[in-house]
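The next block holds one structure in the form of C-alpha cells; read it before the comments.
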C-alpha cells in the first residue's frame, strides 16, 4: 500500500512558537551574523550583552565564542562562569537552561525541538533541555530534545545523549551511558 | 616490508569529472559564498533560483537554508516541498537525487564520492545517492556514497548510513539499521 | 553529599601554553578569518605560505582548503603532498604532526588538548597527535588527544579514534578498531 508519511506543504509553526515577532527573529539573525560572529574572541562581555539585549538570561563571567550559534536568545538561560566553545550550537526552538560552571565544548549541539513524525503535518514539538551545574559536555556532543544532564557529569567527546544522565558520572557512547563515577 | 598505500602527487581527477569547466565551478563557489550564503533566511525562492541557474533541478516550494553547501549544483535534483536544514551539506561530486516532501535536517552530510584506496593513485569514484519521497534524515545524519534510502523512512539524529535502507522504517545507529516500522 | 567538580573562575592557562604572545594569537585569528578563509580554493600555495608565516612547518605540494581551521599554526607540522579537506579542524593546542601523502578528509577534527577533570581548576593538558605517512582519515573522523595513527592506515568515515591505531589497517567505528588489512 502506498501511504503518506509527511506532506510538508501542510506544515505550519504553532502560533507564537518563536516567542517573538518575525521582525525580532530577523534582527537577531542579522546581529548574530555581524556584531556577534565577527567580534574578536576576547570580547566575551560584548557577546553576553548582545544575547541579553535579545532576552537571554546570562550570568557573570560567561565565556561564549564568536562562532557559537543561538537560534532564539529569549529561550536561553546560562548561570555564572560557564563556557560555550567554538561552533557549538544552542538550537533553542525550545528552552535551554544551562547551570553555572558548565562547559559546553566545541561543536556540541543542543537540539531543543523535534517533529511529530506520526503526523503528515509533521508538527513541530519543543522540548526543554537542562544542563545542571558543573557538567562538562566534551567536543562534538549531541543532546537530544527534552534531555536533562545532572550535576557534575562528564559526557565524553562525540557522544550522543538520548536519555537523561545522572549526577557525578562519566558517560560515553551513543546512546551515552554512565561508565564510572567522576572523582 | 615498507610498502606504499597512496602517492598523492600521482592523483588526478578523471577528465570531465566535475561536469562543468573550472570557470563555472569557480563562479558557483563565488556565488555560494556571497549571494547564496549571505541571503536572508526567508529568501528561499532566491536560493532555489541560484541553484537552478547553475543547473540544479529543483521543484516548487523547496526550503533551503543559507548555510547549506552544494558542491556542484548541476548534479543535484530535488522534488517539491522538500527541506534542507542549516549547515547541511550536499557533496555532489556524484549525483544526489532527493524526492518530494523530504526533510534533510541540520548538519546532515550526503557524501556522493569516495576514493579507490586500493590504488596508489587514490582515484576518485563518484557514487549516486538517492533519497526517496517523504524521508526524514534527522540532525547530523551521514549518508555514505552510493546509498539509497527508500520512501518515508526516518533516520534518527546522528546516525551514519552505510547500507541501503528499506521503505517506511525508523532506522538508527552507526551503521544505521531499521528498528521498527514508521506508523 | 554536594561536592564540587569544576570551578571555572579558578581556571587559568599554564604560563606560555599558547607558545606565542596574545598579540600574535590575535593576528593569526584575524589572518585566518580574512586572507586565509576568503582566499579562492585553488590558492593552495598562498594558504601554506600564510601558515608558514605563523611558524607552521609545511612541506611541498600540500593542499589545504580555505575552510580549514588551525588554532596555533606554530604547533603544526605537515609533510609533502598531504591534503586537508573542507571544514576540517586542526585544534593545535598541543602539537599535531602530519606525515606525507596523508589525507585528512572534510569535517575531520584533530583535538590535541583536554582538561584534567579530576581537578576543580579544570587544568588544560596538551597531548601531541601524530598521523603518519599515507594515512587516510575519511570524512568527519575525530582524533582524540595524544593519539598516533600509524603508516598507511585508513580510518572510515564518521569514526572516532580513542586508541592508537596500527599500520596498514582499515579501522572503523567508535572507538575505532582495526577490521582488516589495507591491501
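The values are calculated or read from the model by the stated rules, or taken from the named source; none is laboratory data. No experiment lies behind these values; they were computed from the predicted model shown. All Cβ positions, even for glycine, are placed from backbone atoms using ideal geometry, and neighbour counts span all protein chains on display.
Tabulated values for the structure
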{"read-out": "Failed condition for residue A:30, given (1) at pLDDT below 95; (2) within 18 Å of the chain's Cα centre (by Cα)", "value": "(2)"}
{"read-out": "Test: residue A:49 is under 29 Å from residue A:119 (Cα atoms), under 19 Å from the mean Cα position of the chain (by Cα) and loosely packed, with under 15 Cβ neighbours inside 10 Å", "value": "no"}
{"read-out": "Selection count, region A:130-163, where residues are closer than 27 Å to residue C:159 by Cα, under 11 Å from the mean Cα position of the chain (by Cα) and assigned to a strand (DSSP E or B)", "value": "3"}
{"read-out": "From the options A:109, A:72, A:5, residue that is surrounded by 15 or more Cβ atoms within 10 Å (Cβ to Cβ) and touching a strand residue (DSSP E or B) at 6+ places or on another chain (Cβ under 7 Å)", "value": "A:109"}
{"read-out": "Qualifying residue in region A:23-39 (condition: in contact (Cβ under 8 Å) with a residue 24 or more places away in the chain, part of a helix (DSSP H, G or I) and away from every other protein chain (no Cβ under 12 Å))", "value": "yes"}
{"read-out": "Residues of region A:139-160 classified as out of contact with any strand residue (DSSP E or B) (no Cβ under 6 Å at 6 or more places or on another chain) and more than 8 Å from every other protein chain (Cβ to nearest Cβ), total", "value": "2"}
{"read-out": "Leading residue by the ranking (nearest to the other protein chains (Cβ to nearest Cβ)) among those in region A:53-69 that are in contact with a helix residue (DSSP H, G or I) (Cβ under 6 Å, 6 or more places away or on another chain), more than 20 Å from residue C:12 (Cα to Cα) and surrounded by 17 or more Cβ atoms within 10 Å (Cβ to Cβ)", "value": "A:58"}
{"read-out": "Some residue of region A:80-96 being in contact (Cβ under 8 Å) with a residue 60 or more places away in the chain, more than 8 Å from every other protein chain (Cβ to nearest Cβ) and assigned to a loop (DSSP other than H, G, I, E, B)", "value": "yes"}
{"read-out": "Selection count where residues are more than 19 Å from the chain's Cα centre (by Cα) and in a loop (DSSP other than H, G, I, E, B), scope region A:1-22", "value": "14"}
{"read-out": "Any chance residue A:50 is more than 10 Å from every other protein chain (Cβ to nearest Cβ), assigned to a strand (DSSP E or B) and within 29 Å of residue C:69 (Cα to Cα)", "value": "no"}
